[in-house]
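Everything on this sheet refers to the single structure shown next.
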């Protein structure tokens with residue numbers, strides 16, 4: 001993550017989960033992330049994966065020059081990228097791991113604007129696959145924001161962020177080999193460093 005807003009939000013989320021796969025939605029205290037609220041949002045996970053916005057920060061609303069509560073999050077993206085956004089969300093939910101993505105947007109007569117998108121899994125009343133916390137943080141704040149309606153967002157990149165909470169038994173259960181599922185849980189992963197040249 002490059003954007004300060006996303007680093008702050010991720011650090012807060014990581015502190016809240018306290019070793020769990022994800023924190024509870026009701027654990028979030030807006031006052032604790034007041035410096036990130038302008039770019040922060042919460043998505044509801046629905047069966048049709050329309051992902052309506054339950055909360056949208058003021059700067060996100062200003063970006064699209066309208067109130068966004070209740071709108072479908074994937075529909076803020078170009079049609080070609082909507083499936084990709086839903087796939088990213090599914091990965092975040094299924095693996096209970098954050099994702100970070102790059103996105104761009106254009107306003108009429110203006111230069112392309114870069115964003116960093118962060119998606120963080122949440123539990124809601126103990127349930128997974130229910131809520132997502134996120135941020136859509138601009139590289140710069142343009143003078144046209146809030147005055148004109150821009151194009152839809154375009155995805156440029158994305159990746160899942162590894163966490164340190166996936167138990168070894170869970171990782172083993174995800175393998176396709178029955179033998180691999182019976183690994184010694186006390187075994188410690190190892191790596192080897194080769195000095196100079198390339199390992200062969």
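The values are calculated or read from the model by the stated rules, or taken from the named source; none is laboratory data. Keep in mind it's a predicted model, so treat the numbers as computed, not measured. No Cβ is skipped: glycine too gets one built from the backbone with ideal geometry, and neighbour counts run over all protein chains shown.
Kindly check whether there is at least one residue in segment 99-108 that is outside any loop (DSSP other than H, G, I, E, B) and at pLDDT below 95.
Residues of segment 99-108 that are outside any loop (DSSP other than H, G, I, E, B), as a first pass: 99-105.
If we keep only those that are at pLDDT below 95 too, we end up with none.
No, every residue in segment 99-108 fails to be outside any loop (DSSP other than H, G, I, E, B) and at pLDDT below 95.
Step by step: first the residues of segment 10-40, then only those that are touching a residue at least 60 places away in the same chain (Cβ under 8 Å) and in contact with a helix residue (DSSP H, G or I) (Cβ under 6 Å, 6 or more places away or on another chain), then the one that is surrounded by the most Cβ atoms within 10 Å (Cβ to Cβ). Which residue is that?
Ranking the qualifying residues of segment 10-40, first place goes to 39.
Answer yes if at least one residue in segment 79-91 is modelled with pLDDT of 95 or more and over 16 Å from the mean Cα position of the chain (by Cα), and no otherwise. So that I can check it myself, show each step before the final result.
In the first step, residues of segment 79-91 are kept if they are modelled with pLDDT of 95 or more; the result is 79-91.
When the remaining residues are screened for being over 16 Å from the mean Cα position of the chain (by Cα), the result is 79-80.
There is at least one residue in segment 79-91 that is modelled with pLDDT of 95 or more and over 16 Å from the mean Cα position of the chain (by Cα).
It is to be established whether one or more residues within segment 116-133 are modelled with pLDDT of 95 or more, in a strand (DSSP E or B), buried (at least 17 other Cβ atoms within 10 Å of the Cβ) and out of contact with any helix residue (DSSP H, G or I) (no Cβ under 8 Å at 6 or more places or on another chain).
yes
Note down all Cβ pairs under 6 Å where the first residue falls in segment 82-98 and is part of a loop (DSSP other than H, G, I, E, B), the second is surrounded by fewer than 19 Cβ atoms within 10 Å (Cβ to Cβ), and they're at least six residues apart or on different chains.
96/21; 97/160; 97/163; 98/161
Out of segment 41-58, which residues are surrounded by 19 or more Cβ atoms within 10 Å (Cβ to Cβ) and closer than 25 Å to residue 108 by Cα?
Across segment 41-58, the qualifying residues are 56, 57.
Right, residue 187: surrounded by 12 or more Cβ atoms within 10 Å (Cβ to Cβ), more than 24 Å from residue 10 (Cβ to Cβ) and at pLDDT below 95 or not?
It is false that residue 187 is surrounded by 12 or more Cβ atoms within 10 Å (Cβ to Cβ), more than 24 Å from residue 10 (Cβ to Cβ) and at pLDDT below 95.
Tell me yes or no: at least one residue of segment 29-46 is out of contact with any strand residue (DSSP E or B) (no Cβ under 6 Å at 6 or more places or on another chain), at pLDDT 95 or above and more than 26 Å from residue 17 (Cβ to Cβ).
no
Please count how many residues of segment 9-33 are closer than 14 Å to residue 134 by Cα and part of a loop (DSSP other than H, G, I, E, B).
Going through segment 9-33 one residue at a time, the tally reaches 3.
Answer yes or no: is there a residue in segment 142-159 that is loosely packed, with under 14 Cβ neighbours inside 10 Å, under 15 Å from residue 60 (Cβ atoms) and out of contact with any helix residue (DSSP H, G or I) (no Cβ under 6 Å at 6 or more places or on another chain).
Yes, some residue in segment 142-159 is loosely packed, with under 14 Cβ neighbours inside 10 Å, under 15 Å from residue 60 (Cβ atoms) and out of contact with any helix residue (DSSP H, G or I) (no Cβ under 6 Å at 6 or more places or on another chain).
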